[in-house]
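> The structure is given below, and queries will be raised subsequently.
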Amino acid sequence: MTRMKSWDAIILGAGIIGLSLARELRRHGASVLVIERGEPGREASYAAAGMLAPWGGDLPLSLQTLAVTSARMYPEFVAEVEDESGDKVDLRDQGAIVFFSEHEHNEVPEGTALLTATELAGLEPCLSANGGVAKLQERSVDPRALARASFHAARHHNVDVASGSQVTEVRREGEGLSIQTTHSHYSAAIVVNCCGAWAGQIKVQGAEACSIPARPVKGQMLSVIPLQRGMLQRVVRAPEVYLVPRSDGRILIGATVEEAGFDKRVDPADIRRLHQQAAKLVPQLAEAKMLEAWAGLRPSTPDDLPILSATEVPGYFVATGHFRNGILLAPITAQLVGQLARGIQPELDISSFSLARFQK
Ligand SMILES: Cc1cc2nc3c(=O)[nH]c(=O)nc-3n(C[C@H](O)[C@H](O)[C@H](O)COP(=O)(O)OP(=O)(O)OC[C@H]3O[C@@H](n4cnc5c(N)ncnc54)[C@H](O)[C@@H]3O)c2cc1C
């Protein structure tokens, strides 16, 4: 057993949510330790496409205010992270071409007109679509670069990081909390569980009601490099598949949505199907060279909404379950859960995202 060191706040999990929150708390003067069982930023946050889509067809209404606010925060959030880390994160501002159909439940946002064929050809000449598309003013970001930069920014602010250390249990200890890991234990006044799809695996001694109903939702995707670089400038979101261009010429094609437990294996048949669907939208993609295929586990909950919440254990908080929108929601989550953890009333109403909704 090693010595017990103490921090103001300990963040469990170094995905984009944990890293953004660590940086936020540190900026408000707290001493912060992040405990990560693997390598920072290598789980769901590494697998994401990076669309910042506050008007996504499948975005629940109750998340709209947080999503729109977070999307607005992004340019400043990225500028600060880039500045503090010295890294670049490829925030793109070209917008998205989104398919709208009566059968899908996504409606064209107010004030947005559908594009004519000529307008679409002027924007994305390689894209084949028979009407029903609109251009939305959305951004995208490279989540791998963002997580790496957020880690460097947090380190720049002297956030401590214990990686390769799996948290097993949270215990009350006097006025504070202690964290048991496979290697050591640590203590703090505030602990925030940001362990994504694994958040429910951390036991809280003597507090059954603190069990977190997080579940993994698998997503597979691939990246390709087309023969003609820069052929696609905007994100394209169609019902079966989406395309996300990066500034280095790659195009990401995603994604499956599967209830497969903690299985992260890639199925070549699924990857082939995604590639074929992408080629129906942009025929040149059929010839594009595949660079990489991967799978990640989106953290979800029984109602597919996040948990941004205090718990019945004083000082123990939860920020997880961001499902398909954790990259988009990272800035607002850091701000609101940061306020909650500091004992300040969050600026936006987050009562619908409390852990208590699962305990009735
Ligand atoms: C294919 C795919 C595409 C996606 N596309 C988008 C998109 O376009 N836009 C968008 O906004 N979102 C997207 N998402 C969703 C987004 O990736 C997630 O919502 C977000 O990354 C969740 O971040 P997180 O920090 O909560 O989880 P994670 O990134 O999974 O981080 C959790 C961390 O906790 C660590 N951990 C777990 N258990 C323990 C433990 N016991 N002890 C210590 N550490 C632990 C893990 O190792 C991990 O590093 C996508 C996801 C997938 C899979």
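The values are calculated or read from the model by the stated rules, or taken from the named source; none is laboratory data. This is a predicted model, so every value here is computed, not measured. Ideal geometry is used to build each Cβ from the backbone, glycine not excepted, and the neighbour counts take in all protein chains shown. Note: areas computed on protein heavy atoms with side chains; ligands, DNA, RNA excluded. Shrake-Rupley method; radii C 1.70, N 1.55, O 1.52, S 1.80 Å.
> Please report Rg (one decimal) and Dmax (integer) in Å for the Cα set of segment 88-137.
Both quantities, over Cα of segment 88-137: 12.2, 39 Å.
> What is the set of long-range amide H partners of Phe100 at a cut-off below 5 Å, with H atoms built 1.01 Å from backbone N?
Val133, Ala134
> Distance from a point 7 Å along Cα→Cβ of Leu227 to each backbone N in segment 253-288: keep the residues under 11 Å and list them by number.
Residues passing the 11 Å test: 284-288.
> Kindly write out, for segment 231-237 in residue order, the coupling ³J(HN,Hα) from the Karplus curve 6.51 cos²θ - 1.76 cosθ + 1.60 (θ = phi - 60°), rounded to whole Hz, with x marking Gly and Pro.
5, 10, 9, 10, 4, 10, 10
> Now, a different point. So which GluC sites (Glu not before Pro) in segment 33-137 are both in a DSSP loop and have at most 14 other Cβ atoms within 10 Å of their Cβ?
Those satisfying the criteria are Glu102, Glu104, Glu107, Glu110.
> As I understand it, the dipole of the chain uses +1 on the Cβ of Lys and Arg and -1 on the Cβ of Asp and Glu, about the Cα centre. Which of Leu252, Ala79, Ala295 lies farthest toward its positive end?
Towards the positive end, the residue furthest out is Ala295.
> For segment 189-256, state which trypsin sites (Lys or Arg not before Pro) are in a DSSP loop and have at most 15 other beta carbons lying within 10 Å of their beta carbon.
Arg229
> Can I ask one more? Count neighbours as other Cβ atoms within 10 Å of each site's Cβ, and list the GluC sites (Glu not before Pro) in segment 245-306 that are DSSP loop with at most 13 such neighbours.
Glu259
> Moving to a separate point now. Antiparallel versus total DSSP beta bridges in the chain: what percent is that, nearest 5?
Antiparallel bridges make up about 65 percent of those DSSP assigns within the chain.
> Could you state the accessible area per residue of segment 1-150 in Å², with a 1.4 Å probe and every protein chain left in place?
Ligands and nucleic acids excluded, the result is 46 Å² per residue.
> Of all the C-alpha pairs in segment 300-360, what % are more than 14 Å from each other?
Working: 971 of 1830 pairs.
Summing the P(r) tail past 14 Å for segment 300-360 gives 53 percent.
> Per 10 Å bin from zero, what fraction in whole % of the C-alpha pairs of segment 156-221 is there, up to the bin with the longest pair?
The distribution over segment 156-221 is 17, 47, 27, 8, 1, given as percents.
> Determine the principal axes of the Cα atoms in segment 1-144, then give the extent along each, sorted from largest to smallest and rounded to whole angstroms.
Dimensions of segment 1-144 along the principal axes of its Cα atoms: 67, 33, 27 Å.
> Please list 3J(HN,Hα) in residue order for segment 259-267, calculated via the Karplus relation 6.51 cos²θ - 1.76 cosθ + 1.60 where θ = phi - 60°; whole Hz, with x for glycine and proline.
Coupling constants for segment 259-267: 8, 10, x, 8, 6, 10, 6, 9, 9 Hz.
> Measuring from the lowest to the highest alpha carbon on each principal axis, how far does segment 209-360 reach, largest first, in angstroms?
Principal-axis extents of segment 209-360 (Cα, largest first): 56, 30, 22 Å.
> When every alpha-carbon pair in segment 192-257 is counted, what percent end up more than 15 Å apart?
Numbers: 1382 of 2145 pairs.
Of all Cα-Cα pairs in segment 192-257, 64 percent lie more than 15 Å apart.
> Hey, can you rank 263-273, 64-74, 168-178 by average C-beta count inside 10 Å, highest first?
64-74, 168-178, 263-273
> Quick one: which residues, 5+ away or cross-chain, put their amide H under 5 Å from the amide H of Val204? H built at 1.01 Å from N.
Val170
> How big is segment 213-302 in terms of Cα radius of gyration and Dmax, in angstroms?
13.6, 45
> Would you work out the charge dipole size for the chain about its Cα centre, treating the Cβ of every Lys and Arg as +1 and the Cβ of every Asp and Glu as -1, and quote it to the nearest 20 debye?
On the way: 36 positive and 41 negative charges, 155 e Å.
Result for the chain is approximately 740 debye, rounded to the nearest 20.
> While we're on this one: Kindly write out, for segment 143-152 in residue order, the coupling ³J(HN,Hα) from the Karplus curve 6.51 cos²θ - 1.76 cosθ + 1.60 (θ = phi - 60°), rounded to whole Hz, with x marking Gly and Pro.
x, 5, 5, 5, 5, 4, 5, 5, 5, 5
> Same structure, new question: At q = 0.06, 0.12, 0.14 Å⁻¹, what is the log10 ratio I(q)/I(0) for the chain, with the Debye formula run over Cα points and no solvent?
Values, matching the q order: -0.22, -0.86, -1.13.
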